[in-house]
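Contents: one structure, followed by commentary.
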Amino acid sequence: MKKIVWVVVFFLPLLTGIVTLDRGGKYPMPSDPAQVYYWYTDGTVSSGSTVNPVAHKNYYTYAVPENKKIVAVAIASNDHVYYWYDDNTTSAGTTNNPTKYKGYYSSNRDMKRKLLGVGIAKNDKVYYWYGGGITAWASTGTTNNPTKHTNGSYYEAEILKDDYTEPVAVAIDGFYDKVFYWYPDGTVSSGTSDDATKYRKHYNSNLKKQVVGIAIRNGK
């Protein structure tokens, strides 16, 4: 009598790009965006991660606009880098040339509101965050219409620390749809547009220099 040997084969599919949760279940792994750009007050820019500002590229210079102060920076899905200035203008360029693609044009911001940061989501909607008091606010629009997608209004955002410290920069990671907030004490957190610590509470960013803007390149 022939023996029948049953062979059980378990197929383990090869999965790529799967997002898993860390042990705390709060943030996808890997937890860091692919490329974070930092612009500094000394006219330099670097590329790294949220915990190492120079992990990918050490400090290099960018063209500092004359008679303008950069107050926020964000990167769109086409890799164009947008800059917002203290005189209510915006421009589009590269990481070291703020006007390469488009010169200065009006951002049509409400200048009574203190701009804390700007981020561009993967659908290219532009998110704005504002401070100046014990409450922070946000809106969603375009590069020259900050409230277009919130119907001209603003919504409250819980992004201040317990002592009402405001973030010095905000950026959106379009790959994971996470928002990162950097603070003057050198910490960073991740959450949503209205909750700064929903996914990860404040941790050390190892940021050594003062920034004028931080942006995350969308995609992996």
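Okay, here's what the table says:
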read-out: Checklist (1) in a strand (DSSP E or B); (2) more than 22 Å from Tyr40 (Cα to Cα) applied to Tyr203, failing item; value: (2)
read-out: Subset of the stretch 88-101 [assigned to a loop (DSSP other than H, G, I, E, B) and either among the β-branched types (Val, Ile, Thr) or in contact with a Lys or Arg (Cβ under 6 Å, 6 or more places away or on another chain) (or both)]; value: Asn88, Thr94, Thr95, Thr99
read-out: Candidate set from the stretch 69-83 (those that are of a type outside the set (Gly, Ala, Ser) and part of a strand (DSSP E or B)); member that is surrounded by the fewest Cβ atoms within 10 Å (Cβ to Cβ); value: Ile70
read-out: Residue match in the stretch 143-159 (condition: on the phi < 0 side of the Ramachandran plot, of a type in the set (Asp, Glu), part of a strand (DSSP E or B) and out of contact with any His (no Cβ under 6 Å at 6 or more places or on another chain)); value: yes
read-out: Qualifying residue in the stretch 190-198 (condition: modelled with pLDDT under 95 and of a type in the set (A, V, I, L, M, F, W, C)); value: no
read-out: Test for Lys125: is it among the basic types (Lys, Arg), closer than 22 Å to Ile214 by Cβ and modelled with pLDDT of 95 or more; value: yes
read-out: Verdict on Asp163 being of a type outside the set (Lys, Arg) and under 27 Å from Thr89 (Cβ atoms); value: no
read-out: The listed residue being of a type in the set (A, V, I, L, M), out of contact with any Leu (no Cβ under 9 Å at 6 or more places or on another chain) and surrounded by 15 or more Cβ atoms within 10 Å (Cβ to Cβ), out of Ala196, Ala121, Ala136, Ala169; value: Ala121
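The values are calculated or read from the model by the stated rules, or taken from the named source; none is laboratory data. All values derive from a computational prediction rather than experimental measurement. Here Cβ is always computed from backbone atoms with ideal geometry, including for glycine, and neighbour counts include all displayed protein chains.
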